[in-house]
């Protein structure tokens with residue numbers, strides 16, 4: 001009879017420890033939230049590098065937060081316009097990583113509605129391509145196959161800034 005209470009106590013201790021660990025991990029994350037994105041980063045340098053590669057402008061976030069958010073949302077809005085797809089309540093999480101080593105420079109993970117990018121190699125085109133995957137996946141109840149999505153995302157690649165030239 002004494003084994004069950006001890007086991008419950010041990011399980012409770014483990015769960016509390018896991019909760020504290022998870023909370024400390026979450027506390028290290030910083031968020032830069034725009035209308036369409038929740039950009040998650042650990043160091044402000046990563047966010048500034050991401051924004052610089054995306055927009056060509058160096059931001060002082062204390063003074064330029066609104067403009068920086070607008071630039072990110074402008075890319076998302078442009079992708080929605082090109083695809084003529086505007087999913088209701090669209091929002092995507094963007095995880096920033098510092099250094100590209102190998103594999104994809106950016107990727108969209110449908111199951112968790114998240115774009116993973118490396119801040120040292122990201123461009124507005126790469127970001128727009130991944131946003132297109134996110135928009136397509138959010139627009140359709142059952143997202144189209146990856147190859148079909150690639151056709152649409154490449155269309156976005158071709159037409160991203162053509163109206164501006």
statement: Mean separation of Cα contacts under 8 Å (at least 6 apart) over the residue count of the range 30-164, i.e. the relative contact order in percent, is 25 percent
- prompt: Pulled fully out, how much extra length does the chain show between residue 60 and residue 88, if you take 0.36 nm times their separation in residues and subtract their Cα-Cα distance?
  reply: 6.9 nm
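Work out, step by step, the length gained on full extension between residue 43 and residue 154: first 0.36 nm times the residue separation, then minus their alpha carbon distance; give nm to one decimal.
Working: separation 111, 0.36 × 111 = 39.96 nm, distance 3.16 nm.
Stretched out fully, the residue 43 to residue 154 stretch lengthens by 36.8 nm.
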- request: Using packing as a proxy for protection, rank 92-105, 29-42 so that the peptide with the highest average count of other Cβ atoms within 10 Å comes first.
  value: 29-42, 92-105
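Taken together, the values in this text are just the output of simple stated rules run on the coordinates, not laboratory data. The structure presented is a predicted model; accordingly, all values stated were derived computationally and were not measured. A quick note on method: Cβ atoms are made from the backbone with ideal geometry, for glycine too, and the neighbour counts reach across all protein chains shown.
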